[in-house]
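These notes are about the structure you will find just below.
Any read-out appearing in this document is the output of simple, stated calculations on the displayed coordinates, not a laboratory observation. Because the structure is a prediction, the values reported are computed rather than measured. When we count neighbours, we look across all protein chains shown, and the Cβ atoms used for this are built from the backbone with ideal geometry, even at glycine.
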Amino acid sequence: MKRKVGELILILFLYLIQVTFGRNIAIGSIMPNLLIILPVLFGFLQGKNEGMFIGFCAGLLYDLYFSNLIGVTAMVFVFAGYFAGVFYQKYEETEALIPLALLMVSDFCFEFISYIGNFLLHNKLDVLYFISRFILPEIVYTLFVAVIMYKPIAFLNKRLERKDKRRLSEID
Amino acid sequence: MKKKLSSVLSSKIILILCVMLCAVFIGVSFFTDKLTTPLRNAISTVVIPVQKGMNYVGLLVADRYDTLQEIRTVLEENEDLKEQVDTLTEENNQLKQDTYELARLRTLYELDEKYPEYSKVAARVIGTTTDNWFRTFTVDKGSEEGIEVDMNVMADGGLVGVVTDVGPHYATVKTVIEDGSYISGMLIDTGDVCSVKGDIKLMDSGLVRLQYFKKDVVVRNGDKIVTSNISDKFLPGILIGYVKDVTNDSNNLTQSGYLVPAVDFQHLQEVLIIQKKKQNS
C-alpha cells in the first residue's frame, strides 16, 4: 500500500512539473513527456502489474484537463507499462539501455497515435513534418530526462521495495 | 484485499481489465461529462492549490533573475526616456486638446463610444497543456468566481481565446493561435470580414492564418483585425492582431495572408476574462 501511495505522489509531482514549468524548460517550444517515463521504468524495474497501475493513473491524469477524450493516453500508457514489464528481471538494473530503448519505442507510438487522432484525421497529412518537428525532438528530450531520472527512480524503487518486501515475495 | 487480488489475477487479465476500463472512460467522455467532471473536480482540489504555489515560486525566481539582469539596461533606458517624456508631454497637450474637441463633437452627434466597455476579471495562468501540440492553458479562477464556459479571454489589450471548461477553482482556456481554432474577424476600419485560423505549422513564427478576404478589399500590412459581429462566441470589437503579407489566392476570388497576434503568447502570465457572453448580450 505504501508503495502505491509513493508512486501516486511521484506521478503527481511529475505532472505538476510538466504543467507548471513545462513551457519554461521547453527547447524550441518542445517539452519532454515526463509522465510516460514512469510506467516504462517501473514496468522494467518492478514488473507488468506495477507498470500497468502507474500507466493507468499517469495516463488518466495526463488527459484529465486538456483532452476531450479521456482514457486514450491511459490505454497507451497501460500497454507501455505492460510491454516494459515483459523485460522485468530478464536484465540487470544496471543495463539502462534496455528501458531507454523501450521508452523510445513507447514514446514514439504514443506521439504517433496522438498525431493520428489530432491531425491526420483532420486532413493534416504531412507526416514527415510532424515527425521531424514534434515527435523526434520530444523523444530525444524525453530520453535525456530519463537518463537523468533513471538512477533516482531505481533508488526510490529499492527504497519502496524494502518497505514491503513481503508483498513482493508473494507476487513472484 | 489488494494482496489477494494480485495473487489471483494474472497480469494479462489485469491488462484486459485496464483496457476495458480505459474504453469505458473513452466511451463515456465521448458522449457526456458526467463521469469526468466529478473526477476533475476531485483531483483539482489537490492539484490546483499546489499548482498555484509552484507557479508563485516560479514567478518569484524569474522575477529576481530578471531584475538582476535588467538593472543595467534600465539605467541607460532611463536617460533616453527622460528625453522622450519631454517631447511626449508636448504632444500629449496637443492631443488632449484634440480629445476635448472630439468629445464635444461626439456629444453634438450623440454618438456613443464605438465599443462598449466590458467588465473583466483578472486571472493568473497556472498550467499549460501536457502535450506539445496545443497551447491550451488553465487559469486560477473558476465557476465560484463567476467564470462560465464561452467567456472571452483577453491580455495585453488583445484576444487570447475562449473558456472551454470550468471547475470550481480553475478554468481551461483554448487559445486563438492553436491548431483547430477558427474565428471570424474583420478589418477595424472598413468592416470587411475574414477568418482567423490557427495553424500548427506557423507555431514557430507565432503567426496565425488569415483567410477569405474578398478580392477587391484593400488590405495593408499593419491593419488591425478585430472580432466580427458574426461570431457566436466572441464579442465584437476585440483586437486580435495585425495583418501581415496578404496576397491574392490562386483562385483569384479571395485574398489570404498572416496575422500577427496582439498578445505575446510566449510570456502569458495574467489574463482578463470578460464576464459577458455573446449569447446573453
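Within the listed set B:SER228, B:SER250, B:SER195, the residue fluctuating most in the Gaussian network model of chain B (springs between alpha-carbon atoms under 10 angstrom) is B:SER250. Across peptide B:258-264, the average count of Cβ atoms from other chains found within 10 Å of a residue's Cβ is 0. Packing, as the average of other Cβ atoms within 10 Å across residues, places the peptides B:130-138, B:148-156, B:203-211 in the order B:130-138, B:148-156, B:203-211, highest first.
Helix B:11-31 and the longest principal axis of the C-alpha atoms of chain B enclose an angle of approximately 40°.
Residues of the stretch A:9-53 with an amide N closer than 19 Å to a point placed 7 Å from the Cα of B:ARG64 along the Cα-to-Cβ direction: A:21, A:24-25.
Within the listed set A:LEU69, A:LEU41, A:LEU103, the residue fluctuating most in the Gaussian network model of chain A (springs between alpha-carbon atoms under 10 angstrom) is A:LEU69. The mean number of partner chain beta-carbon atoms within 10 angstrom of a residue's beta-carbon across peptide A:47-56 is 4. A cut-off of 5 Å between modelled amide H atoms, ignoring neighbours fewer than 5 places along the same chain, links B:ILE238 with B:THR227.
Pairs of Cα atoms nearer than 8 Å and 6+ residues apart set the relative contact order; for chain B it is 16 percent.
For the stretch A:11-16, backbone phi angles converted through the Karplus equation (6.51, -1.76, 1.60; θ = phi - 60°) give residue-by-residue couplings of 4, 4, 4, 5, 4, 5 Hz, Gly and Pro being listed as x. Taking each residue as 0.36 nm, the span from A:LYS2 to A:LYS151 lengthens on full extension beyond its C-alpha to C-alpha distance by 51.6 nm. Computed from phi, the 3J(HN,Hα) profile of the stretch B:153-162 under the Karplus parametrisation 6.51, -1.76, 1.60 (θ = phi - 60°) reads 10, 10, 7, 6, x, x, 7, 9, x, 9 Hz, with x in place of Gly and Pro.
Take each residue in B:30-43, count the other chain C-beta atoms within 10 Å of its C-beta, and the mean is 2.
Could you tell me how many degrees, from 0 to 90 and to the nearest 10, lie between the Cα long axis of helix B:36-109 and the main elongation axis, the longest principal axis, of the Cα atoms of chain B? The angle comes out at about 0 degrees. Amide hydrogen proximity for A:ASN33: with H placed 1.01 Å from N in the peptide plane, the residues at 5 or more positions away or on another chain lying under 5 Å are A:THR142. Largest mean-square fluctuation among B:TYR56, B:TYR118, B:TYR100, in a Gaussian network model of chain B whose springs join Cα atoms under 10 Å apart, belongs to B:TYR100.
Backbone amide hydrogens, once placed in the peptide plane, bring B:ASP223 within less than 5 Å of B:VAL243, excluding anything fewer than 5 places away on its chain. With Cα atoms as the point set, the radius of gyration and Dmax of the protein assembly as shown evaluate to 26.1, 90 Å.
Here the translational diffusion coefficient of the stretch B:122-281 follows from Stokes-Einstein with Rh set to the Kirkwood radius across Cα pairs; for 37 °C and 0.692 mPa s it amounts to 206 µm²/s. Remark: the stretch A:76-91, residue by residue, has Karplus-estimated 3J(HN,Hα) of 5, 5, 4, 5, 4, x, 5, 6, 5, x, 4, 8, 4, 6, 8, 10 Hz, where x stands for each Gly or Pro and the curve is 6.51 cos²θ - 1.76 cosθ + 1.60 at θ = phi - 60°.
Take every Cα pair under 8 Å whose residues are at least 6 apart in sequence, average their separation, divide by the length of chain A, and the relative contact order is 25 percent.
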